[in-house]
Amino acid sequence: MKLDSSISAVVTGGASGLGEATVRALAAKGVKVAIFDMNEAKGEAVAAEVGGVFCKVNVTSDEEVDAGFVKARAANGQERILINCAGTGNAAKTAGRDRNTGEIKHFPLEAFNWIIQINLVGTFRCIAKSAAGMLTLEPIDGERGAIVNTASVAAEDGQMGQAAYSASKGGVVGMTLPIARDLAGEGIRVNTILPGIFATPLMNGAPPQVKEALAASVPFPKRLGNAEEYASLALEMVQNGYFNGEDVRLDGAIRMAPR
């Protein structure tokens, strides 16, 4: 797919981190971009900088996602590109003992479900609604659209306490190929990126010694990933017409230890 001003895109989680870098990379190619995010102040600021449109969207809400697509399409036209970066994480052992009291506790099921609803169901919700919109488009060189999802290396080597997070991201990986097969006949490609340890706003809030230790654990290069490197791969997945049904790690060859 050729990226220029005739193409529209939606980026979920586009107000910061991996999503923001992708918004900026797309806009630099002339693409008309809509940002779906819950951070209104940051989202409006990024949209203003790139000439895009901000839509306040919680991906767990059918109504908000629908309204976001209505607003984005009214401003930019039907999107041919969807990049899913919205997501979050938590950590708790499946079951264990309180270090101070010895009380036995298990992972709160509402916390487990919350992560699944955002990272997995929220991603699928946006895919299904965007793909339905893409079906209204006429193909360009046989192609109607391209979708890129964000999983995590935790989908394959999750650490202790990451049962919910790993399950949600493993689900994103697991649904990539069947969705690509579902949409192949309509000329829509679907791929997923599995980032390793990246210098996102969340990670940048960690103490310096923690970030240094994490960087040292990466085989090569021994540093955290840059959001621009994620954006570069996302754009390659969109532009390369033979890229389809793939789940690709972007991690400096790291394999996460148990803890």
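Where a number appears in this text, it was derived from the coordinates with a stated rule and is not lab data. What you see is a predicted model, and the numbers here were worked out from it, not measured in a lab. Cβ coordinates were reconstructed from backbone atoms using ideal geometry, including for glycine residues, and neighbour counts include every protein chain displayed.
Odds and ends about this structure:
- For region 63-152, the antiparallel share of DSSP beta bridges with both residues in that region comes to about 50%.
- Folded to 0 to 90 degrees: helix 163-184 orientation relative to the chain principal axis, Cα: 20
- The trypsin sites (Lys or Arg not before Pro) found in region 76-152 that occupy coil by DSSP, while having at most 16 further C-beta atoms within 10 Å, are Lys93, Arg99.
- Here the label points at Ala128 and Met38, each 7 Å from Cα along the C-beta direction, are separated by 2.1 nm in the simple model.
- Using alpha-carbon coordinates, inclination of helix 227-239 to the longest axis of the chain, degrees: 40
- Candidate lysines - alpha carbon under 20 Å from Lys29, same-chain residues fewer than 8 apart omitted: Lys2
- Members of Lys42/Lys71; Lys56/Lys211; Lys32/Lys56; Lys56/Lys129; Lys129/Lys169 lying beyond 22 Å, as alpha-carbon distances in this model show: Lys56/Lys211
- Among beta bridges that DSSP assigns inside the chain, antiparallel share in %, nearest 5: 10
- Nearest 10 degrees, 0 to 90: helix 17-28 Cα axis against the chain principal axis: 20
- One Cα centroid belongs to region 8-72, the other to region 80-125; the line between them spans 24 Å.
- Note on Ala74 and Ala253: the extension gain reaches 60.2 nm, defined as 0.36 nm multiplied by sequence separation minus the Cα-Cα distance.
- If R0 equals 25 Å, the separation of the Cβ atoms of Arg223 and Ala67 corresponds to a calculated FRET efficiency of about 0.05.
- Distance in nm between pseudo-label sites at Asn113 and Asp141 (7 Å out along the Cβ direction from Cα): 4.6
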